[in-house]
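Just below is one structure, and these are the notes that go with it.
The values are calculated or read from the model by the stated rules, or taken from the named source; none is laboratory data. Note that the structure is predicted; figures quoted are calculated from it, not measured. FYI the Cβ positions are ideal-geometry reconstructions off the backbone, even for glycines, and counts take in every protein chain you see. All accessible areas refer to the heavy atoms of the entire protein, side chains included, with ligands and DNA or RNA removed. Shrake-Rupley method; radii C 1.70, N 1.55, O 1.52, S 1.80 Å.
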Amino acid sequence: VSPSVSPAVSPAVSPAVSPALLPRHMDSVLDILDALESPARGGSPGTTAALGRGLGVCSTLGCRAVLGEPPGTPERPPTLTPGQWQLLTELLRHDPAVPELGAVLAPDGSTVALGPLLAGIEAGLRSGGFGRPLPTLEPPADPLLVVTIAEALGTSFLLAERGDNNVTALGPGGCWDDVENPQNYTLRGPRSPVPDPVAIGAMDGVVLGAQLAREPLPVAELLRGYYGSGNGSEAGRPPSSYRRRNFGALAGRGRLEKEVAAVLGMLRTLSPTPELLRDVGTQEVVAVARRAAQEFSQRYVECPAVVPRCLWGARPYRGTPALLQPPLGLVFLHHTLEPAQPCQTFGACARAMREMQRFHQDTRGWDDIGYSFVVGSDGYLYEGRGWHWVGAHTKGYNTQGFGIGIVGNFTAVLPDRDTLALVRDELLPCASRSGRVWPNFTLHGHRQLGHTDCPGNALFQEIQSWPGFQ
């Protein structure tokens, strides 16, 4: 939540849509891919990449230089219903003015743009020997990064640098009208060429493209394993929730800077030279690449993802929220106690958030869920009061620090290692780097400041070795 957006305001509800329309959910896409690529249903491997190109997935100069000119406009394959074809056409037709139309909701609660995802998948398949070989680029650039994120980042930051100070190069995120039947996705601020779904789709395209380069798989099988299947699936944390870590391992800040500079250099050699690059010198390319890699890495790799209130189904705040004045000096760690079991999926964590908010508002009589953020064992933070609003987590200290709750009862057992690392190694350093807490912040367990056993004996013992604990 930005300081100008109060949690008292409910997200806008989109007009009712016909139930005949397929949900804009990754599961709908997987059903389409099954129909396109399953030999048992009359499909054939590789159909998806060709269709995506024909419908406009790869429409930019750099992408076309790597993957080639698109084939002619395709007709509906007989294996797809008219409804499936309509959805696929809408999702893959590239429209830079409305990037949110190309996005779907994934089972992990993230919103994924299909364009960069499918471009990365095609680049991975072709570098793995499936289909035509990829060209050698000059200056040397990684084809996989060109078609997913490097070109988008370079052009976005060039546009921002040449525009006025209000032009943003990254973000924003957005909200779906209904997570059970997602139809309309609305951005929560001024759009950039790289809104959150494009960044997420690009990271997934890099991770999955690199996997396909090593071991070609049917695309539907690859995506089903990566995202998990079904909004309410309790099968455990899907690989997609590790996208930030895995993308960072493949394209850390230094590598990303090099690739953004390379793709801008490549675009300058095209004839005719794109208008945006006509008067851009080498030093400007270097500066843009450095800034793009730094800001992208800070936002999408080095900081954990936050599920906004609108996505987990928050009720409105009651009353008028009070503003915090970051940076703050204190962080208080809690366990939720109820629910006692850690939540491992988006569906389970969203339900836990709604239950806690109901308890805090209806039983405790508070204005809202008390925590600033809640940590699931699905790899995500869930926005409570957020960075900007006074919480109700640590009596007497709510204006002085942020309250972080971890879902579960940690009296006798600890959260899993990944969840501990998410708080210790990602959330707390990110809060310090971004100016939300002082670099010399103090970390406390809730019990140190109130009559409570929170955050549980096992977790309290654990955090005593963490940086900042006092």
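This table checks each residue for (1) under 13 Å from Phe332 (Cβ atoms); (2) of a type in the set (Asp, Glu); (3) touching a Gly at 6+ places or on another chain (Cβ under 9 Å).
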site	(1), (2), (3)
Asp425	no, yes, no
Leu428	yes, no, yes
Trp438	no, no, yes
His444	yes, no, yes
Gln448	yes, no, no
Cys454	yes, no, yes
Item to complete: Find all pairs meeting these conditions: Cβ atoms under 6 angstrom apart; at least six residues apart or on different chains; first residue within the range 290-307 and within 14 Å of Gly248 (Cβ to Cβ); second residue at pLDDT below 95 and among the polar types (S, T, N, Q).
Response: none
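If you take the residues in the range 452-462 that are in a helix (DSSP H, G or I) and surrounded by fewer than 21 Cβ atoms within 10 Å (Cβ to Cβ), which one is nearest to the chain's Cα centre (by Cα)? Please lay out each step first, then the result.
Going residue by residue through the range 452-462, those that are in a helix (DSSP H, G or I) are 457-462.
Then keep just the ones that are surrounded by fewer than 21 Cβ atoms within 10 Å (Cβ to Cβ); that gives 457-458, 461-462.
Details: Asn457: 33, Ala458: 31, Gln461: 32, Glu462: 29 Å.
Looking at residues that are in a helix (DSSP H, G or I) and surrounded by fewer than 21 Cβ atoms within 10 Å (Cβ to Cβ), I get Glu462.
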Discussion item. Just to be sure before I move on: is Leu145 open to solvent by 10 Å² or more (accessible area, probe 1.4 Å) and not in a loop (DSSP other than H, G, I, E, B) in the structure I sent?
Written reply: no
Discussion item. Taking the conditions exactly as written (part of a loop (DSSP other than H, G, I, E, B), on the phi < 0 side of the Ramachandran plot, buried (at least 17 other Cβ atoms within 10 Å of the Cβ) and over 23 Å from the mean Cα position of the chain (by Cα)), does Pro70 satisfy them or not?
Written reply: yes
Fill in: Cβ-Cβ under 6 Å pairs, at least 6 apart or on other chains, the range 136-161 side farther than 15 Å from Pro116 by Cα and touching a residue at least 24 places away in the same chain (Cβ under 8 Å), far side open to solvent by 20 Å² or more (accessible area, probe 1.4 Å) and assigned to a helix (DSSP H, G or I)
Phe157/Arg291; Leu158/Leu276
Discussion item. Between Gly109, Gly124, which is open to solvent by less than 10 Å² (accessible area, probe 1.4 Å), among the small types (Gly, Ala, Ser) and part of a helix (DSSP H, G or I)?
Written reply: Gly124
Discussion item. If Gln183 meets every condition in (1) farther than 20 Å from Ala123 by Cβ; (2) part of a helix (DSSP H, G or I) apart from one, which number is that one?
Written reply: (2)
Item to complete: Considering every residue within the range 25-45, establish whether at least one is modelled with pLDDT under 95 and more than 22 Å from Leu223 (Cα to Cα).
Response: no
Practice prompt. Quick one: count up the residues across the range 73-93 that are of a type in the set (Asp, Glu) and surrounded by 17 or more Cβ atoms within 10 Å (Cβ to Cβ).
Written response: 0
Worksheet item: All but one of (1) open to solvent by 20 Å² or more (accessible area, probe 1.4 Å); (2) modelled with pLDDT of 95 or more; (3) among the hydrophobic types (A, V, I, L, M, F, W, C) hold for Leu328; which doesn't?
Response: (1)
Discussion item. Can you confirm whether Arg224 is assigned by the TED database to the domain that holds Glu138 and at pLDDT 95 or above?
Written reply: no
Discussion item. Go through (1) touching a residue at least 12 places away in the same chain (Cβ under 8 Å); (2) assigned to a helix (DSSP H, G or I) for Gln283 and report which single condition fails.
Written reply: (1)
Worksheet item: Which of the residues spanning the range 94-106 are crowded, with 22+ Cβ neighbours inside 10 Å and β-branched (Val, Ile, Thr)?
Response: Val104
Worksheet item: Looking at this structure, is Leu311 open to solvent by less than 20 Å² (accessible area, probe 1.4 Å) and either touching an Asp or Glu at 6+ places or on another chain (Cβ under 8 Å) or in contact (Cβ under 8 Å) with a residue 24 or more places away in the chain (or both)?
Response: yes
Discussion item. For the condition open to solvent by less than 10 Å² (accessible area, probe 1.4 Å) and over 20 Å from His94 (Cβ atoms), what is the one hit in Leu158, Leu212?
Written reply: Leu212
Worksheet item: Residue check: is Gly56 surrounded by fewer than 19 Cβ atoms within 10 Å (Cβ to Cβ) and touching a Lys or Arg at 6+ places or on another chain (Cβ under 8 Å)?
Response: yes
Worksheet entry | Every residue from the range 186-204 that is out of contact with any strand residue (DSSP E or B) (no Cβ under 9 Å at 6 or more places or on another chain) and either part of a helix (DSSP H, G or I) or buried (at least 24 other Cβ atoms within 10 Å of the Cβ) (or both) | Val194, Met203
